[in-house]
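The values are calculated or read from the model by the stated rules, or taken from the named source; none is laboratory data. Predicted model, so just to flag it, every value in this text is computed and none were measured. As a convention, Cβ positions derive from the backbone with ideal geometry for all residues, glycine included, and neighbour counts pool all protein chains shown.
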Amino acid sequence: MQTILCMNAKGGCGKTTVATNLAAWYADEGHRTAILDFDPQRSSIDWLEAREGYEGVPLIEGVDAVAGDARAAYGTDIALLDAPAAVYGSEVTQLLRRADALLVPVLPSPIDMRAAARFIDGLLKSGRIARGQTRIALIANRVRETTRIYQALDDFLRRYDIPVLTHLRESQNYIRAAETGLGIFELAPSQVALDVVQWDPVIDWLGDA
Ligand SMILES: Nc1ncnc2c1ncn2[C@@H]1O[C@H](COP(=O)(O)OP(=O)(O)OP(=O)(O)O)[C@@H](O)[C@H]1O
Ligand SMILES: [Mg+2]
């Protein structure tokens with residue numbers, strides 16, 4: 001099983017968006033996929049409940065992981081861990097212990113970048129990351145490419161010796177997918193073509209399940 005953690009202490013940066021869309025992608029590829037939702041807001045579990053309304057979309061197991069030491073079912077190929085906001089200290093360590101890969105979404109805003117700097121500095125001190133047991137990568141999210149703040153985010157993220165895999169553009173398709181329980185890969189192809197290609201480097205970096 002490959003375990004992929006989506007985490008950043010800052011709220012609203014795209015953890016659930018990354019977790020749910022990757023889950024949909026892996027499930028569509030035929031992998032047995034689960035989301036472990038560690039957030040008391042249960043946004044991923046809500047998304048999975050909305051997904052139940054569709055016939056023909058592949059099943060994704062949902063695990064409410066808030067209460068304790070929850071695990072995906074035996075035989076799961078890919079587990080996405082959706083972390084809550086405001087995680088620090090031992091909670092971060094415990095989540096990292098479970099993860100083969102960590103994706104950190106960051107928004108183009110001064111407040112988000114300052115918060116991300118503190119969070120990433122903390123992560124780089126973690127033994128698991130230093131030893132390469134959990135691979136780490138960054139994702140710029142809700143990007144409008146022509147803006148000055150995007151350039152500032154890009155410069156900021158590239159200061160670290162951590163891969164910046166992609167930028168996901170600001171797109172209503174993510175809002176629609178979040179509402180409906182689908183991944184953007186499952187919306188009409190002509191509508192999501194610009195979004196879908198932005199995930200290629202993420203999927204390449206994660207490698208074969
Ligand atoms: N690239 C994007 N374009 C447009 N909307 C986006 C994008 N990424 C995320 N969103 C929207 O922004 C909001 C916050 O995203 P999301 O829920 O994924 O963040 P989060 O980090 O999981 O938040 P929380 O800390 O509350 O768990 C959601 O409404 C989501 O649909
Ligand atoms: Mg969330």
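Determine, yes or no, whether ALA70 is among the small types (Gly, Ala, Ser), more than 13 Å from ligand 2 (Cβ to nearest atom), assigned to a loop (DSSP other than H, G, I, E, B) and farther than 23 Å from PHE185 by Cβ. In short, yes. Among the criteria (1) surrounded by fewer than 18 Cβ atoms within 10 Å (Cβ to Cβ); (2) at pLDDT 95 or above; (3) hydroxyl-bearing (Ser, Thr, Tyr); (4) touching a strand residue (DSSP E or B) at 6+ places or on another chain (Cβ under 8 Å), the one TYR174 does not fulfil is (1). It is to be established whether one or more residues within segment 94-115 are in contact with a Phe, Trp or Tyr (Cβ under 6 Å, 6 or more places away or on another chain) and of a type in the set (A, V, I, L, M, F, W, C). Yes: segment 94-115 contains one or more residues that are in contact with a Phe, Trp or Tyr (Cβ under 6 Å, 6 or more places away or on another chain) and of a type in the set (A, V, I, L, M, F, W, C). For segment 25-57, a residue qualifies if it is β-branched (Val, Ile, Thr), surrounded by fewer than 21 Cβ atoms within 10 Å (Cβ to Cβ) and within 16 Å of ligand 2 (Cβ to nearest atom), and exactly one does: ILE45. Residues of segment 134-162 that are more than 17 Å from ASP112 (Cα to Cα) and either part of a strand (DSSP E or B) or at pLDDT 95 or above (or both): THR134, ARG135, ILE136, ILE162. When VAL63, VAL18, VAL57 are screened for being without any contact (Cβ under 8 Å) to a residue 60 or more places away in the chain and either on the phi < 0 side of the Ramachandran plot or more than 12 Å from ligand 1 (Cβ to nearest atom) (or both), only VAL63 passes. Only a single item in (1) away from ligand 2 (no atom under 13 Å from the Cβ); (2) at pLDDT 95 or above; (3) surrounded by fewer than 16 Cβ atoms within 10 Å (Cβ to Cβ) is not met by ALA101, and it is number (3). With respect to the conditions (1) touching a Gly at 6+ places or on another chain (Cβ under 6 Å); (2) buried (at least 17 other Cβ atoms within 10 Å of the Cβ), ALA85 falls short on a single one, namely (2).
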